[in-house]
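The structure appears right after this line, and notes come after that.
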Amino acid sequence: MNTVFAELSSLARSVETPRIVGEVRSITGLTLTVSGLERAMGVGQRCVVQGTRGEVLGEVVGVDRLGTHVLPFGTWAGVSAGDRVTLSPRGDMIRPDLSWKGRVLDALGRPVDRKGPLFEGTEARLVKAPPPPAFDRRRTGARLETGIKIFDVFTPLCRGQRMGVFAGSGVGKSTLMAMLARKATADVIVVGLVGERGREVQDFIQNDLGEEGMARSVIVVSTGDEPPLMRRQAAWTATAVAEYFRDRGQQVLLLMDSVTRFAMAQREIGLSGGEPPTTKGYPPTVFSELPQLMERAGPGPEGAGDITAIYTVLVDGGDMNEPVADSVRGIMDGHVVLDRHIAERGRFPAVDLYKSVSRMLPDCHTAAEFAVFQAARRTLAKYADMEELIRIGAYRTGADAEVDAAIRFFGPAEAFLNQRKHEAMGSDETFARIYQLLGEAGVKVEVPEG
């Protein structure tokens, strides 16, 4: 009986299901128009175009009276009018597995690290899934130890928090992400490299992450030369992989570089689909896709883990109020600003303490830690207010006791907060050292009893 059932099951799988077939009507730029599939395919569904150079996977971005408009995950090279178009059997799904740690994938979940095929799990997951319902989530958890001195004290991360890192090019975003991947207390690190330079992928994996970071990481890569669908897909795929590990009770750190390139990819897709450009050429879907992407991170439901997320934002011309930066800042639970002048001064990570804030404060610090944080920030702010006068020699020592203390504190604090990418320090030791520096500078710290 079992043999007969097995044979029938095998026969059922081998029977070809009915296939709806359309054909290419026209190709204009990146947009291919298909006729005959208007009732079979909706926006977001995938199809396969059979060209002379093989099959090309595409996604529907619009439907109108002219037909169904499709963008490619590759190029339309070899595709011409009249070629056959069919629905994609796989759809927008991946099957993550615990064995994916230590692997590098492309935006479609295929291995690119030359370590052999990926073992696929039994559970199929939508790459673009809805965020969890708000009332199903727990609150953010305890502070996440990062090993980065300036983070743990001034811009602390809690489990399930989402933080934006805002900076121009070449100020140290990738290095900061590598430091987090190496030392942060998380079970798994998921890294989404969206629109990354091709030559920097290996540098990031081998030099920045190293074996220690790579052993517990899953990296999803889409380089800047790939089509916009692939660059957008990389962000979704990385988030779906993070959700898989979260649902298995693990603490996940999601690092995405960068949200700006995700937005640029969505801009290309939206404009190709006929959307009207708005602020700085970004169509409306960009500002609806950003919260849908980032709201998927955060605390999980009861019994699950959390996704603590760091999203980098490439600030155009240092303008913190440009559309993408302004939109992301409103979604995040805090923001860290990297300043080029601080980097040129030689202090890394080049975090601007006066423009950076974590919305988890003061809850993620103990009362004593928060007192040290307030005293250090207040003293550094006092120095910043008087910095120009101090540098040109217009301030005379003894004129103001608080400014004198700030001058004594600033130099040692800057030297202490400077940190190389392979260094790490526990938060207890960091707070103790800053408390000591404040005392040596003559700054009183009002630590509450108990």
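The values are calculated or read from the model by the stated rules, or taken from the named source; none is laboratory data. From a predicted model like this one, the values you see are computed outputs, not experimental measurements. Heads up, the Cβs are rebuilt from the backbone with ideal geometry, glycines too, and the neighbour counts pull from every protein chain shown. Side chains are part of the model used for accessible areas, which takes the heavy atoms of the whole protein and leaves out ligands, DNA and RNA. Shrake-Rupley method; radii C 1.70, N 1.55, O 1.52, S 1.80 Å.
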Inset, instruction - Kindly list, by first and then second residue, each pair from a residue in region 143-154 that is in a loop (DSSP other than H, G, I, E, B) to a residue that is of a type in the set (Lys, Arg), limited to pairs with Cβ atoms under 8 Å and residues at least 6 apart or on different chains. - result: LEU144/ARG159; GLU145/LYS183; THR146/LYS183; GLY147/ARG182; GLY147/LYS183; ILE148/LYS183
Inset, instruction - Output the strands (runs of 3 or more DSSP E) that fall wholly within region 33-112 and possess 3 or more residues being closer than 30 Å to GLY210 by Cβ and under 22 Å from the mean Cα position of the chain (by Cα), or say none. - result: 103-106
Inset, instruction - Would you be able to say whether some residue in region 408-416 is touching a residue at least 60 places away in the same chain (Cβ under 8 Å) and either closer than 20 Å to ARG378 by Cβ or open to solvent by 60 Å² or more (accessible area, probe 1.4 Å) (or both)? - result: yes
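Kindly indicate which of MET163, MET179 is hydrophobic (A, V, I, L, M, F, W, C), within 29 Å of ASP326 (Cβ to Cβ), in the same structural domain as PHE348 (by the TED database) and modelled with pLDDT of 95 or more.
Just a single option satisfies the conditions, and that option is MET163.
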Inset, instruction - Take the residues in region 262-311 that are in contact with a strand residue (DSSP E or B) (Cβ under 9 Å, 6 or more places away or on another chain) and at positive phi, then tell me which one is surrounded by the fewest Cβ atoms within 10 Å (Cβ to Cβ). - result: GLY274
Inset, instruction - Scan region 186-232 for residues that are at pLDDT below 90, open to solvent by 30 Å² or more (accessible area, probe 1.4 Å) and under 27 Å from ALA142 (Cβ atoms) and jot them down. - result: GLU212, ALA215
Inset, instruction - Please work out if TRP100 is under 30 Å from TYR244 (Cα atoms) and out of contact with any Asp or Glu (no Cβ under 9 Å at 6 or more places or on another chain). - result: yes
Inset, instruction - Restrict the check to region 155-164 and report whether at least one residue is closer than 17 Å to GLY300 by Cα, open to solvent by less than 30 Å² (accessible area, probe 1.4 Å) and in contact with a His (Cβ under 8 Å, 6 or more places away or on another chain). - result: yes
Inset, instruction - Please indicate, with yes or no, whether at least one residue in region 400-423 is at pLDDT below 95, acidic (Asp, Glu) and under 18 Å from THR146 (Cα atoms). - result: yes
Inset, instruction - Scan region 398-418 residue by residue and report those that are out of contact with any Phe, Trp or Tyr (no Cβ under 6 Å at 6 or more places or on another chain) and small (Gly, Ala, Ser). - result: GLY398, ALA399, ALA401, ALA405, GLY411, ALA413, ALA415
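Here's the yes/no breakdown for (1) of a type outside the set (Lys, Arg); (2) within 12 Å of ARG25 (Cβ to Cβ); (3) out of contact with any Phe, Trp or Tyr (no Cβ under 8 Å at 6 or more places or on another chain); (4) not assigned by the TED database to the domain that holds ASP106:
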site: GLN45; (1), (2), (3), (4): yes, no, yes, yes
site: GLN50; (1), (2), (3), (4): yes, no, yes, yes
site: GLU59; (1), (2), (3), (4): yes, no, no, yes
site: VAL63; (1), (2), (3), (4): yes, no, yes, yes
site: PHE73; (1), (2), (3), (4): yes, no, yes, yes
site: ASP83; (1), (2), (3), (4): yes, yes, yes, yes
Inset, instruction - Filter region 317-330 down to residues that are touching a residue at least 12 places away in the same chain (Cβ under 8 Å) and surrounded by fewer than 16 Cβ atoms within 10 Å (Cβ to Cβ) and give me whichever is farthest from ALA181 (Cα to Cα). - result: GLY317
Inset, instruction - May I ask you to say which residue of PHE370, PHE409, PHE416 is touching a Lys or Arg at 6+ places or on another chain (Cβ under 8 Å), within 30 Å of ARG182 (Cβ to Cβ) and of a type in the set (Phe, Trp, Tyr)? - result: PHE416
Legend entry - Flag if LEU37 is touching a Ser or Thr at 6+ places or on another chain (Cβ under 7 Å) and surrounded by fewer than 19 Cβ atoms within 10 Å (Cβ to Cβ): no
